[in-house]
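Laboratory data are not the source of any read-out in this text; all were calculated from the coordinates shown. Owing to the predicted nature of the structure, the values given are computational and were not obtained by experimental measurement. For neighbour counting, all protein chains shown are included, and Cβ atoms are generated from backbone atoms with ideal geometry for every residue, glycine included.
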Amino acid sequence: MGVNSNPAVGVTPNPTSGTYNFDAGYGFVQANLAARMVPPILPAAPTLTLASSSIATGSSTTLTWSSVNTTGCTASGSWTGAMASNGTQTVNPTAVGSDTYTLVCANVAGASPATSVTLSVTAMAAPPPSSGGGGGGALELSTLLALLALCVARGRHLVGAGPRFATRR
C-alpha cells in the first residue's frame, strides 16, 4: 500500500517495505494515536438540586447532583470533601439561616464551572398551646362551683364528708 507517512500522528511505514501494516489491529493503534490528538474538553457545570429549598430546623432534605465527562467532584460551602461524579446526600442543618452548597467537577482537561444551591433554614414551629382538655388541665372556679352545685342537688357528698346511708321508709 503506498500510503505516505504522517509524522504528526506518529505512524510511519515499515522501514524495509515502505508500506503500512493494517493487519493484526494496526488500525486500532492508529485510532488510539488519533484520539490523543483530540484536545480534552472541560466539563460542563454539574447539575445540583435540593429536594426542598426551605426546611425547619430538625428536618432534613436531599441534595442530588450529576455531571457528565468527569472523574470526580469537590464540594464546598455547607458541605465539603471529595464526591462522586453523581450522587445524593441527606443534609440535616441545625441552625436557622441560609446554607449554601457548592459543587465543582473535573476531568483531565480541568475543572467545571461551580454550581451552587441555597437552603433556607427556619426555626421549628412552636407546638400549639394546650386547650386544657384531656385531663390534667386546671378547672376554672366557675366550673368547680357548677360541679359542687350538681353534687349537692343530687345528694352526693364531697370528699372527706364521710359515708352517708340512705334509709327506706
Next item on the list: Quickly rank 59-70, 33-44 as a protection proxy: mean count of other C-beta atoms within 10 Å, highest first.
Entry: 59-70, 33-44
Check: Tell me, what is the FRET efficiency for MET37 and VAL68 to the nearest 0.05, using R0 = 30 angstrom and their Cβ-Cβ distance as r?
Finding: 0.85
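With 10 angstrom as the radius, rank VAL121, VAL152 by how many other C-beta atoms surround their C-beta, starting from the fewest. Provide the component values of the computation, followed by the final result.
Details: VAL121 21, VAL152 11.
By the 10 Å Cβ count, ascending: VAL152, VAL121.
Averaged across orientations, what area in nm² does the convex hull of the alpha carbons in region 47-122 project?
On the way: hull surface 17.7 nm².
Taking a quarter of the hull surface, the average projection is 4.4 nm².
Counting other beta carbons within 10 Å of each residue's own, what order do LEU103, LEU144, LEU50 fall into, fewest first? Walk me through the numbers before you get to the answer.
Numbers: LEU103 23, LEU144 11, LEU50 18.
Ranking LEU103, LEU144, LEU50 by Cβ neighbours within 10 Å, fewest first, gives LEU144, LEU50, LEU103.
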Checklist line | Potential extension, THR16-ALA126 segment - 0.36 nm per residue separation minus Cα distance | finding: 30.7 nm
Next item on the list: Describe numerically, in nm with one decimal, the distance between label points set 7 Å from Cα along Cα→Cβ at THR49 and at THR94.
Entry: 3.0
Notebook entry, point to check: Among 104-112, 83-91, how do they line up from the highest to the lowest mean number of other beta-carbon atoms within 10 Å?
Noted result: 104-112, 83-91
